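Taken together, the values in this text are just the output of simple stated rules run on the coordinates, not laboratory data. The model shown is predicted, which means the values in this text are computed figures rather than measured ones. Backbone-built Cβ (ideal geometry, glycine too); neighbour counts: all protein chains shown.
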Amino acid sequence: MLDDGKKGRLALATVAWSVALAITSIASAQVEGEGGQPSEPPGVVMETPPPPGSYPTAITPRELMGADAPPRDFVRPRAGFSLLGGYTVSEPEGWMMGASARLGVQIGDWFSVYYQPTALYASLQTARDRQDGAFTFWSSFLVEATLADWVSVGVGPSVDIWTGCDEGVLADTQIDAPVGCTADEPFFGLHGRVALNIPTYASGDRNAIQVSFEVHPTWFGDGFETVAFLGGLGFDTM
């Protein structure tokens, strides 16, 4: 038989044990989630590393146009235009400014064939130290090679027409017949063109802003010729 003191201590121990079990059960319920699985600490996101070979690579220019961009046709239209300005030397001589266009076909990424009409106004020096305004129109047919998408080099023949060139010949000549650019007839010329292509992929395919340097000699016959040196700024789709 237990006396009253032992019974009191046993009852107190039993109460303490029950309280400890209750606290332990509450803590366990907070740690365990539904189904008895431990829950992740709040605010922690568990991520697994990507498998080898799945890391992102550099985006190519064509991917900027969309993952489903169709491949370029081997033969496709070629078009462009430029604003031009420069100087022509010899007979006649003077400042020139105007514009040109390009229309033809692109063959693959390296070659193209196109027609380039060029219209220019020329402020020419005359034999009497005056200014003579004239217009010239070049019909050039160029074959062009584009290297690494950045540099284009083209060359080809041209048929040139000059109008309004009444006093544009600097030579002091006593010939009564029209000479040099004063003759009202087509002349033979050549056109050479080197362009730096600055790609832009905002729209279309293989478009570029072009900064060009162009050389154009024209032969008038009877020893008269002129050579134009022009700089250009334009836009081409290739």
Between Ser90 and Asp166, how many nm apart are label points set 7 Å from Cα along the C-beta direction? 2.6
Could you give the length gained on full extension between Val113 and Val227, defined as 0.36 nm per residue of separation minus the Cα-Cα distance, in nm? 38.7 nm
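If packing is taken as the average number of other Cβ atoms within 10 Å across a peptide's residues, how do 153-164, 72-83 rank, most packed first?
The peptides rank, most packed first, as 153-164, 72-83.
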